[in-house]
Amino acid sequence: MQERLESARLYFVVEADAPDRLLDDAFAGGVDLLQLRDPAAGDDVQLAAAERFRNACDRHDALFVLNDRPDLALAAGADGVHVGQDDMPVADVRRLLGPDAVIGLSTHSREQFDAGLASQADYLSAGPVWETPTKAGRAATGLDLIRHAAARADKPFFAIGGIDGSNVDDVVAAGATRVVVVRAIRDAPDPRAAAAELRAALERARVA
């Protein structure tokens, strides 16, 4: 599982009502890590969606994580969980899920990023690079956090926040080789093409 995480580049976060067609198009375009994030949905709704998400990830050999809820991740057979700064501490999540689970941690400053490197998290997200309605009220970090992360990271990190085809090259230029997106794929007229555009930019970064 860690090898799959190391190779992951394009991370798609979406709600429980995402249709199978959207998921399959996203994977076909290059998504290799999927997160179910729907805090407004009840447990039953999330678990029902998680079964579909798990099956879609299995079809496409992608990793599947849930947001915030280690208990649901266990029940759903997810590969892991992603937590924020105000959620269950990473060390507690690790005790619950065991050594093989994939655990991600959100970071929003240099200090949080550096602390995340010292934690038991398997990967970090850094941002939001630009303000985004999916995290309303959270100030943008700008590209400086990505430059810091690229210089310091000794584990995978993903740039997040307002990233799409129009600015992904700026994120790559700042040092990111992995990104998280929501609207760039979910709301695109052609989700497969949108994912492919992002993936191509990230692949260029790998060979640059």
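What whole number of Å gives the distance from the Cα centroid of region 22-83 to the Cα centroid of region 132-175?
22 Å
How far apart, in nanometres, would the label points at Leu74 and Ala200 be if each is projected 7 angstrom from Cα along the Cα-to-Cβ direction?
4.5 nm
Rounded to a whole number, what is D in µm²/s for region 66-208 from Stokes-Einstein with the Kirkwood radius over alpha-carbon pairs (25 °C, 0.890 mPa s)?
Answer, rounded: 157 µm²/s.
Quick note: the coordinates plus some simple rules give every number you see, no bench work behind them. All figures in this text were calculated on a predicted structure; none of them were measured in a lab. In this analysis, Cβ positions are derived from the backbone assuming ideal geometry, glycine residues included, and neighbour counts consider all displayed protein chains.
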